[in-house]
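Quick notes on the structure that follows.
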Amino acid sequence: MSAVSPDPEQEAAASPPVAVAAGPTHVGPVAAPVGEKILSVNNIEVVYDHVILVLKGVSLAVPKGRIVALLGANGAGKSTTLKAISNLLHAERGEVTKGSIVFEGAEVHRLTPNELVRRGCIQVMEGRHCFGHLTIDENLLTGAYTRRDGRAAIRRDLDLVYSYFPRIAERRTAMAGYASGGEQQMCAIGRALMSRPKMILLDEPSMGLAPQIVEEIFDIVKNLNEKEGVSILLAEQNTNMALKYASSGYILENGRVVLAGEAHALRENEDVKEFYLGIAEGKRKSFREGKHYKRRKRWLA
């Protein structure tokens, strides 16, 4: 994850998050998404190795039962934000030095990761981390490690996971290491579901997958959100796909939130169209036309 450098353009982004507007400038603070909040991240800073400042004043909120997208280019700070919430930073010599993280009304940034999982918040890591030497079935059962409600309840949830992911149900006895990328991603999400989460932090689920598989996985995620009531914070580089399924979103750049709003408003925002979807004035732009976009971004002006 890249550090925030003292570049003049980046320093201009240090102002508070701004609301989405159609014009050349955005004014006023961003309002929290409508609804009761299951997660609230308040002005956090993250430092690696006691030196490298990666996140600066990041604030966001996830309403209960909604999908919220966390968008931005590679190195913007999306994965670091998720790891700060799930308390996995210490494994990478990182720490939250300022701000607070509140899950279901209680500050949680000092809990251990397994304590947070027991409270109902779990992260699906980027890169489809499965135990390659275990079967799909065994991988899913590892997700129930923190549960204490008995084998019958775990077996019911295992059957529920297979009902959402019929593709891996067919391969439940196969070694996960020999599964396709899409099957491994489904296994990773299914394993998180086995912990009976209230909220899932989903990191780059589309990475390295064919478009058809990406669509299938996002459809399943939407289904889980609507039918099981699982809140989801989705970190994703595929802006078009993320905004199609999310209700609201935040855009990160160089460790700061630079834009936020409802998903439909972000999709129609001219800056987002040009700099993240590659579309300007109703037509798709080439890479050559868009590669120096930072110099023209209105929120960095």
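For the reader, a short list of remarks on this structure follows.
- Split the accessible area of segment 71-154 by element, probe 1.4 Å, and carbon with sulfur accounts for 51%.
- Per the Kirkwood formula applied to alpha carbons, segment 84-198 shows a radius of gyration over Rh ratio, Rg over Rh, of 1.01.
- Over segment 60-148, accessible surface divided per residue gives 45 Å², non-protein components excluded, 1.4 Å probe.
- Placing dummy labels 7 Å off each Cα toward the beta-carbon, the span from Leu141 to Asn223 is 2.5 nm.
- Spin-label zone in segment 142-173 - amide nitrogen under 20 Å from a point set 7 Å from the Cα of Asn114 along the C-beta vector: 142-151, 154
- Accessible surface for His264 stands near 110 Å², nearest 10, in the context of the full protein assembly shown (1.4 Å probe).
- Spin-label model, Glu268 to Glu107: label points 7 Å out along the Cα-to-beta-carbon direction sit 4.0 nm apart.
- Protection proxy ranking, highest mean first, for peptides 67-78, 234-245: 67-78, 234-245, where packing is the per-residue count of other beta-carbon atoms within 10 Å, averaged.
- Residues in segment 176-208 that a label on Ala153 would reach, taking backbone N under 14 Å of a point 7 Å out along Cα→Cβ: 194-198
- Seen from all directions on average, segment 142-220 presents a Cα convex hull projection of 5.5 nm².
- Of Lys83/Lys198; Lys78/Lys227; Lys56/Lys83, pairs whose Cα-Cα distance is over 22 Å: Lys78/Lys227
The values are calculated or read from the model by the stated rules, or taken from the named source; none is laboratory data. Nothing here was measured: the structure is a model prediction, and the numbers come from that model. Virtual Cβ from ideal backbone geometry, glycine too; neighbours counted across all protein chains shown. The accessibility values were calculated without ligands, DNA or RNA, using every heavy atom of the protein model including side chains. Shrake-Rupley method; radii C 1.70, N 1.55, O 1.52, S 1.80 Å.
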